[in-house]
Amino acid sequence: MDEAAFGTLLDQAAELVERARAAGADVAEAVVRQGVELAAKVRLGEAELVEEASHHSAGLRVIRGSRVALTATSDLSPSGIERVVRDALELAELSQPDPFAGPADPSEIAAGPFADLDLYDPSIESIDAEQAIAEARAAEQAARDFDPRITNMQGTTCGIATGASAMVLSGGFRSVRRSSAKSISCVAVADDADGKKRREGWSEARRHAADLPAASTIGAEAARRTVSMLGARKVPTCETAVVFPQETASSLLGLLASLLVGSAVWRKSSYLAGREGTSIASELVTVLDDPLIVRGLGSRAHDGEGLASRRNLVVDGGVLRTFLCDSYSARKLGRRSTASASRGASGGVGPGTTNFVLQPVPGMTQEEIVRSTPRGLLVTEMMGFGFNPTTGDFSRGASGFWIENGRLAYPVSEVTISASFDRLLHAIDAVASTYAPRSATLAPCLRVSSMIVSGN
């Protein structure tokens, strides 16, 4: 996408704002997005599905008095713009007044220039369906060649996404940003002795194609994980240590993130409401929300309300330091925004995370954590949605490997792990020294000293 296209997006967003203000909106905020997505799925050597879609849409938020309305359209013709503005003003008249509604504090709006976080790789834009199919086939073939016990494939997908968005606020903010991403995922199947199908997968995603592991590496890892689960069995119900490698530790961290956004706090749907300044986790737990990681999957130079991005120390040595707020939730909670606003395609604004990172602790690798565990469970996959954010009750289906005398003894499936989330966080007694940048929620391997494992 060239500079002229950027200018077009900005012009369209500015026109929406100008027309809304002329029609009577006190505040008007527009975002216009344009991009392309491609996904190629291969199964058993054949291209099973190729999807390619382009989008060009706009979202508009207007505030009149203390009434808020959102509208969206993919019709950016003059008549389409006129209609979406008219609809927004009509909806505002029908909405309920909200005394906390309003734009970000003008004194906090960023003027730029913004940091270059290197979120766009032009080479991804040149990837076509034929190349995506070839990469998916390479990953699948590596999985099938890895071990003769791989008897089937659930599917292998190569996906790309490129795009740009322009945001214009009636308070004077204007910006255009572009981004890209490429991903490969592979799921392999093996037949177990008892007739069960063992199915495991692996996926990787990066902003730049050169940073993505080779397709063959991803496919081989999917196969390795699948065959390693052959012969999996339950274990007797017990209370034991549980080790979470990065993929499942990141899932736990995502649950913590959902408790720490301002909207969860003012809605009283987080058991951590009112806990600022107190211990909510082990001293080994330090969490940053960091939107400024170069090439990070959750990175951005400014938030959805035009505030310059900044790192927020959320948990420091187990102590909760702040909640992540946009302007609205900050007003509701009597505090200031943490530049954590996310703006959706329809123009709606709410608090969210960027790169939510559990900081590594120097000293131990995942392998060393396992070796230092006399007895326990390494959880490589969790299933189900057994988490209550209001009470902190946590219970999930799990599979992985039983640890005996610091070694992986045998694969385990069809068990449940449970604890209160508060107890789980406080019981973290080991955090590894590294992680791979596989998502926007990043956690090293960690160990919880004691959880209930329910099996036989």
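The values are calculated or read from the model by the stated rules, or taken from the named source; none is laboratory data. Quick caveat, the model's predicted, so the values are computed rather than measured. Methodologically, a virtual Cβ is constructed for each residue, glycine included, from the backbone with ideal geometry; neighbour enumeration extends over all protein chains shown.
Among the candidates V189, V242, V176, V235, which residue alone is β-branched (V, I, T), touching a Lys or Arg at 6+ places or on another chain (Cβ under 6 Å) and touching a residue at least 24 places away in the same chain (Cβ under 8 Å)?
V189
For the subset of the range 346-391 comprising residues that are small (G, A, S) and in a loop (DSSP other than H, G, I, E, B), which member is surrounded by the most Cβ atoms within 10 Å (Cβ to Cβ)?
Restricting to residues being small (G, A, S) and in a loop (DSSP other than H, G, I, E, B), the top hit is G347.
Filter the range 110-136 down to the residues that are hydrophobic (A, V, I, L, M, F, W, C) and not in a helix (DSSP H, G or I), then identify the one that is surrounded by the fewest Cβ atoms within 10 Å (Cβ to Cβ).
Here the answer is A111.
Answer yes or no: is there a residue in the range 303-323 that is crowded, with 16+ Cβ neighbours inside 10 Å, farther than 25 Å from A166 by Cβ and either among the hydroxyl-bearing types (S, T, Y) or not assigned by TED's automatic domain parsing to the domain that holds E247 (or both).
There is at least one residue in the range 303-323 that is crowded, with 16+ Cβ neighbours inside 10 Å, farther than 25 Å from A166 by Cβ and either among the hydroxyl-bearing types (S, T, Y) or not assigned by TED's automatic domain parsing to the domain that holds E247 (or both).
Counting only residues that are among the polar types (S, T, N, Q) and more than 26 Å from the chain's Cα centre (by Cα), which one in the range 98-156 is nearest to R335 (Cα to Cα)?
For the range 98-156, the residue satisfying everything is S107.
Between a residue in the range 197-211 that is in the same structural domain as A222 (by TED's automatic domain parsing) and any residue that is of a type in the set (F, W, Y) and not in a helix (DSSP H, G or I), which pairs come within a Cβ distance under 9 Å, given they are 6 or more apart or on different chains?
R207/Y120; H208/Y120
All but one of (1) under 30 Å from R275 (Cα atoms); (2) among the polar types (S, T, N, Q); (3) in the same structural domain as D147 (by TED's automatic domain parsing) hold for Q246; state the number of the condition that does not hold.
Of the numbered conditions (1) under 30 Å from R275 (Cα atoms); (2) among the polar types (S, T, N, Q); (3) in the same structural domain as D147 (by TED's automatic domain parsing), the odd one out for Q246 is (3).
Condition first: within 30 Å of R198 (Cα to Cα) and under 25 Å from the mean Cα position of the chain (by Cα). Can you find one or more residues in the range 356-369 that meet it?
Yes, there is a match, as at least one residue in the range 356-369 is within 30 Å of R198 (Cα to Cα) and under 25 Å from the mean Cα position of the chain (by Cα).
List the number of the failed condition for L378; all other conditions in (1) out of contact with any Ser or Thr (no Cβ under 8 Å at 6 or more places or on another chain); (2) closer than 30 Å to R343 by Cα hold.
Only one criterion is unmet by L378, namely (2).
Run V42 past the list (1) farther than 30 Å from S203 by Cβ; (2) touching an Asp or Glu at 6+ places or on another chain (Cβ under 6 Å) and report the number of the one that doesn't hold.
For V42, the failing item is (1).
In the range 203-244, what residues are in a strand (DSSP E or B) and either farther than 22 Å from R447 by Cβ or among the β-branched types (V, I, T) (or both)?
The answer is S203, E204, A205, R206, R233, T240, V242, V243.
Name the one entry in G392, G397 that is farther than 30 Å from G35 by Cβ and free of Cβ contacts under 8 Å to residues at least 40 places away in the same chain.
Only one candidate qualifies: G397.
Do any strands (runs of 3 or more DSSP E) lying entirely in the range 1-80 carry at least 3 residues that are surrounded by fewer than 16 Cβ atoms within 10 Å (Cβ to Cβ), of a type outside the set (F, W, Y) and without any contact (Cβ under 8 Å) to a residue 60 or more places away in the chain, and which ones are they?
Fully inside the range 1-80 and qualifying: 46-64.
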